[in-house]
């Protein structure tokens, strides 16, 4: 799963019995790879969801997020 073109299409609480190993507070994150539209559902804890979304939003200078603004220069 390459990072370029990867975005979070959906984030929601896991349904009853969907990812029981996560326990209460489990979340489902649906990632989509552009341009082909391939997608994955990940069952994550809330802390892991925060880490995953931070990783997706972080970008090197000049990187263009799908449908978004280019990454900012970091000092």
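Taking 0.36 nm per intervening residue step and subtracting the Cα-Cα distance, what contour gain separates residue 56 from residue 9 on full extension?
The span from residue 56 to residue 9 would gain 15.8 nm if fully extended.
Indicate the gyration tensor shape class of the stretch 6-57 (rounded, prolate or oblate), computed on the Cα atoms with a ≥ b ≥ c the square roots of the eigenvalues: a/c under 1.5 is rounded; otherwise a/b larger than b/c is prolate and the rest oblate.
Oblate is the answer for the stretch 6-57, as a/c is 1.5 or above yet b/c matches or exceeds a/b.
DSSP beta bridges in the stretch 6-57, what fraction antiparallel, as a percent rounded to 5?
Counting only bridges with both partners in the stretch 6-57, antiparallel ones make up about 100 percent.
Taking 7 Å along the Cα-to-C-beta vector as the label spot, tell me the residue 24-residue 42 distance in nanometres, rounded to one decimal.
The answer from the label model is 2.5 nm.
Since every read-out is calculated from the coordinates, none of them should be taken as a lab result. Small disclaimer: the values here were computed from a predicted structure and weren't measured. As a convention, Cβ positions derive from the backbone with ideal geometry for all residues, glycine included, and neighbour counts pool all protein chains shown.
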